[in-house]
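Take a look at the structure below.
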Amino acid sequence: MRITAKAKQETRLKLLSCAHKLFLKKGFEATTTRDVVAAAGIATGTLFNYFASKEALAMTLLADALEQGREAWDERRPQASTLDETLFALIAALLRSLAPHRSYVGDVMATAMSPFTRDAVSHEGDAFRVDHLAIVRELLLESRPALAAGPGPSFVSMHLYWTLFLGVLAFWSSDDSPQQQDSLAVLDQSLKLFATSLQGDGATDGQP
Amino acid sequence: MTTDLARTPDVADLIAALPEGVDQPPMQTDELASYLARLALRPIPTGRLSRFWILSSLQAKVAAAYLAWWLRKGFVSKEKAAAALNETHLKAALELLGSMSYLRGAVMKMGQTLANLPNVVPQEFVEALKVLHFEAPPMHFSLLRELVHAELGGEVEELFAEFDTEAFAAASLGQVHRARLHDGREVAVKIQYPNIARSIHADLANMAAVLTPMRLTGGWANLREQFDDIRTMLDQEMDYVQEAAMQERARALFDDNDRIVVPAVHQELSSERVLTTDLLVGQHLPAFLADSPSQADRDHFGQLLVNSTFRLMYRGEMCYADPHPGNYLFLGDGRLGLLDFGCIAKLDGDQAEYTRLAGRAMREGGATMDELVAQSTNSKDVSELTPEHRQLIIDLCDWLWIPMRHSGPFDFADPDYFQRGVDLTTEVMRKRYTQSRPVNTWFNRLFYGVRAMLHHLGARADMRAAEERECSLGPVIPE
């Protein structure tokens, strides 16, 4: 019997939803693919028709959430704000959307988005990184017209930003302060430092 | 280097690395008096939004190290007319202390403590302390929105009909925004910078560790007490729930007839780090004075200021621990607004009894006066003090009580009266008669601060009648 596209889609969603609940309950490491397919009620082998690995599944969950966060940010972008505020709003929106997944974000990111792995472990993680950096690059160019006139933000600046972003995520994922407010402080001050560092990228217009 | 410092090796390393300064003539200050006056009339923080505020406890450690070195030098060479002060290092310390800009309260207190050490207070240090406000890093609206969501559980747009994205005032540890509720009422929303509480605690702990060498000197115990006082004060200021409770307690003390108003708290829009209160519209002292008010207006508000002070103290058993003009608002309809209950001291049983003792001593003199002098200096008996010391305290009390013994309105504009108080207080501090209880510090600051305000108001007010009335009524028992 051929399975319909609709049915495939439903199964896919079911897998994601069951995996999420299991990750929350047992943790990412302790959850096996067997657990996931058992919860979803599908045959063991068929998981890999949908997701290449447990990591891919988890990263899909996170990437979906991140995309929702990005859309939320896009809808209510602050008008005429400084660079650090715009970036803050973006990352804060992403964190909010990741909130339901916080307990396993660290474990997933450690594999799917680790800056230490040579090859891209996760297609989804890599795709997110590329998309996110493209957005950030646009925002940098908007706020620093002088950068647009030249080759754009330097490789170092973009790398600095990415490590800042991962650092904030890492901090946030194990932040036990009330409503993770410490992370807001870390994010705010990190971005201020980053915006300051961009002065060296040829910005002479004195923009904040 | 003492073994105490070995417990905090990194700070000790910093201290060991400090260069030895070149002896230079001291920067004498004879301006304790004007310093104190300016202390009482500290400019209201208006939130000059520094853009590149960076929090660094490492910087704080280094700053504290320089401070400790400088203080130790002062103590070591106290026999010399001039303590060895090195301007370069001092400037470095000032700059670094400047990076701890949120520590207004703590550093101001340190300044007061240092001001107690004669001939060791450099003018520059004092000047720099004056401008160190409690500036939390400025918060943009995107951060505010996250904080409101975290603290109040809803979006700014849902909870408020309108919300100014720009702050209209700085507050201790945060900033204040105007907003409007869905029912149309205008409110002030104070929001605290995240994580600042923990940062301050950490830096204060570092400061305390660095000042440990002072344990070797006589002033340590008192300094320790003041340090604990700072910590308590900061803990209080960080907790807006406690502030809300104090504000509501104060609010209950006044009704329309008093022409004194404390803004109501909106509990459902308040939390530990967000405080929403009714917005009062009026002028602070400098703006009020700039409009050249009539004598009648000055007297009017002066009287309200006096009335509010005694009402809070005797009926509410509370007082502003750190009064400054920002606490008072002159409303267009003639009412006096009382603001900012983050730094209010709630008198415990002993302290409340102490205020009543002071009242009795004022009226009776004699043995009661001796008892007051003893208690105010933390002595078991007045005989523990030198006659000179005892007389000075009596003189200071008498000065404080002149307006309260005077029939009818007292003219606080009188420069001679004011100067006498400055002289006496300076004398007390010069002679290092500063071993006293925290409650005394509050009273000194309160009395001095209120009188300084009255003086600048140029007001004539009947302090005696106000004091008698409020004292006789006794404390309000809260329901």
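Miscellaneous remarks
- All told, residue B:299 falls short of being free of Cβ contacts under 8 Å to residues at least 60 places away in the same chain and over 19 Å from the mean Cα position of the chain (by Cα).
- When the criteria are applied in full, residue A:126 meets the requirement of being more than 14 Å from every other protein chain (Cβ to nearest Cβ) and assigned to a helix (DSSP H, G or I).
- Any hit, the range A:94-101, residues being of a type outside the set (D, E, K, R) and more than 14 Å from chain B (Cβ to nearest Cβ): yes
- Restricting A:72, A:89 to residues that are part of a helix (DSSP H, G or I) and more than 10 Å from every other protein chain (Cβ to nearest Cβ) narrows the list to A:72.
- Residue in the range A:124-138 that is surrounded by fewer than 15 Cβ atoms within 10 Å (Cβ to Cβ) and aromatic (Phe, Trp, Tyr) present: no
- Against the conditions (1) over 30 Å from residue A:3 (Cα atoms); (2) touching a helix residue (DSSP H, G or I) at 6+ places or on another chain (Cβ under 9 Å); (3) not hydroxyl-bearing (Ser, Thr, Tyr), residue A:47 satisfies every one except (1).
- Flag for residue B:127 being at pLDDT 95 or above and more than 11 Å from chain A (Cβ to nearest Cβ): no
- Only one entry in A:167, A:152 is away from chain B (no Cβ under 12 Å) and either aromatic (Phe, Trp, Tyr) or part of a helix (DSSP H, G or I) (or both), namely A:167.
- Looking at A:77, A:70, just one residue is under 30 Å from residue B:164 (Cα atoms), surrounded by fewer than 16 Cβ atoms within 10 Å (Cβ to Cβ) and charged (D, E, K, R), and that residue is A:77.
- Residue ID - nearest to residue B:287 (Cα to Cα), chosen from residues in the range B:455-479 that are aliphatic (A, V, I, L, M) and at pLDDT 90 or above: B:457
- Meets criteria (surrounded by 17 or more Cβ atoms within 10 Å (Cβ to Cβ) and more than 25 Å from residue B:166 (Cα to Cα)) for residue A:87: no
- Hey, residue B:342 touching a residue at least 60 places away in the same chain (Cβ under 8 Å) and either hydrophobic (A, V, I, L, M, F, W, C) or surrounded by 16 or more Cβ atoms within 10 Å (Cβ to Cβ) (or both) or not: yes
- Among the residues of the range B:355-386, those identified as touching a residue at least 12 places away in the same chain (Cβ under 8 Å), part of a loop (DSSP other than H, G, I, E, B) and of a type in the set (S, T, N, Q) are B:377, B:378.
- Test: residue A:65 is free of Cβ contacts under 8 Å to residues at least 24 places away in the same chain, buried (at least 19 other Cβ atoms within 10 Å of the Cβ) and in a helix (DSSP H, G or I): no
- Strands (runs of 3 or more DSSP E) wholly inside the range B:130-217 containing at least 2 residues that are at pLDDT 95 or above: B:174-180, B:186-192
- Some residue of the range A:21-44 being of a type in the set (D, E, K, R), surrounded by fewer than 16 Cβ atoms within 10 Å (Cβ to Cβ) and in contact (Cβ under 8 Å) with a residue 24 or more places away in the chain: yes
- Checking residue B:276 against (1) among the polar types (S, T, N, Q); (2) modelled with pLDDT of 70 or more; (3) assigned to a helix (DSSP H, G or I), the condition it does not meet: (3)
- Put simply, of A:185, A:195 the only residue that is surrounded by 15 or more Cβ atoms within 10 Å (Cβ to Cβ), within 14 Å of chain B (Cβ to nearest Cβ), of a type in the set (Gly, Ala, Ser) and more than 22 Å from residue A:102 (Cα to Cα) is A:195.
- Against the conditions (1) outside any loop (DSSP other than H, G, I, E, B); (2) touching a Gly at 6+ places or on another chain (Cβ under 7 Å), residue B:248 satisfies every one except (2).
- Listed by first and then second residue, the pairs linking a residue in the range A:108-135 that is assigned by TED's automatic domain parsing to the domain that holds residue A:74 and at pLDDT 90 or above to a residue that is crowded, with 17+ Cβ neighbours inside 10 Å and in a loop (DSSP other than H, G, I, E, B), with Cβ atoms under 8 Å apart and 6 or more places separating them unless they lie on different chains, are A:108/A:28; A:128/A:113; A:129/A:113.
The values are calculated or read from the model by the stated rules, or taken from the named source; none is laboratory data. As the structure is a prediction and not an experimental result, all values here were calculated from the model. With ideal geometry, Cβ positions are generated from the backbone for all residues, glycine too; neighbour counts draw on all protein chains shown.
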